[in-house]
1. Would you mind telling me the share, in percent, of accessible area of region 74-173 contributed by carbon and sulfur at probe 1.4 angstrom?
2. Kindly write out, for region 82-87 in residue order, the coupling ³J(HN,Hα) from the Karplus curve 6.51 cos²θ - 1.76 cosθ + 1.60 (θ = phi - 60°), rounded to whole Hz, with x marking Gly and Pro.
3. Please report the antiparallel percentage of the DSSP beta bridges confined to region 2-74, to the nearest 5.
4. Provide the per residue accessible area, probe 1.4 Å, for the chain, rounded to a whole number of square angstrom.
5. Residue by residue through region 167-172, which ³J(HN,Hα) values in whole Hz follow from phi under the Karplus form 6.51 cos²θ - 1.76 cosθ + 1.60 (θ = phi - 60°), with glycine and proline marked x?
6. Just the number, please: carbon plus sulfur as a percent of the accessible area of region 6-54, 1.4 Å probe, no ligands or DNA/RNA counted.
7. Among DSSP beta bridges whose residues both lie in the chain, state the antiparallel percentage, nearest 5.
8. Among rounded, prolate and oblate, which fits region 97-186 when a ≥ b ≥ c are the square roots of the eigenvalues of its C-alpha gyration tensor, a/c under 1.5 means rounded, and a/b larger than b/c means prolate?
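The values are calculated or read from the model by the stated rules, or taken from the named source; none is laboratory data. Since the structure is predicted, the reported quantities are computational estimates derived from the model, not experimental observations. For neighbour counting, all protein chains shown are included, and Cβ atoms are generated from backbone atoms with ideal geometry for every residue, glycine included. Areas reflect the complete protein model, heavy atoms only, side chains present, ligands, DNA and RNA absent. Shrake-Rupley method; radii C 1.70, N 1.55, O 1.52, S 1.80 Å.
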Amino acid sequence: MIRLYALPLSVYCTKVRIVLRIKGIPYEESPPPGGHYSSADYQARMPPGTIPSIEHDGFKLFDSEAIVEYLEEVYPVPSLRAEDPRQRARQRAISQFHNTRVEPAVRVLFPLVRQGSETPGEDHHGDLLDGFFRQLEKLERIIDPAPYVGGAKPCLADCAFPATLRMGQDILAYLGADVSFSSRLDAWLGTLEGHAVIGEEVAANRAAVGDWLKGFRRTG
Ligand SMILES: N[C@@H](CCC(=O)N[C@@H](CS)C(=O)NCC(=O)O)C(=O)O
């Protein structure tokens, strides 16, 4: 049995949950021991102190990308990666574009939410908001969904983006800025959210983001 340490607000945890559920892998989920990834209990068990992480029959693994690749190898059916090495490599590059570009462009917005009373019109805020839009433009040029990144069925490269794009959109809406996705990104998101598992997990993450945003008071 796989134990998943995760929290509802984390888009990386959403990605791993999507993969576990699409593959039909039995798992149990709990918050990190001590309730948070910064707890001493969790860090003693999982030294990087990040979520998500898994324990599988005594084997401990952190990092969402390593986890989904491991799951793909240990539970290869249904497959979430291309047979062809070039397509597979490309899908990995797209996944990494999420982890190294798109998600960080959303994460840098967190302090603006925490500040609460600031307005997005200020110059340094504008730069941060533009950073997210720049990554969306690049993503638009990188993917060619048909209707998923990997073709007719979802692949690993489809699993991380929808929660992160919605999180970016919801944070920007909270900050008073509008995010309209291009027709290509919009159609892709529609496909992803129309998938039963992906749709449910993204909705759950979005609800957690909504609760998190409600915890801050905007006065600006
Ligand atoms: N590259 C990691 C990033 C995961 C990550 O940053 N998770 C956040 C929560 S969403 C976290 O654990 N933050 C605590 C920290 O970085 O110390 C992955 O893909 O698992």
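1. In region 74-173, the share of accessible area belonging to carbon and sulfur is 52 percent.
2. Values per residue, Gly and Pro as x: 5, 6, 6, x, 6, 5 Hz.
3. The answer is about 65 percent antiparallel.
4. Roughly 47 Å² per residue, with all protein chains present.
5. Calculated HN-Hα couplings, in order: 4, x, 5, 5, 5, 5 Hz.
6. 56 percent
7. Roughly 70 percent of the DSSP beta bridges within the chain come out antiparallel.
8. Taking the square roots of the gyration eigenvalues as a ≥ b ≥ c, region 97-186 is prolate.
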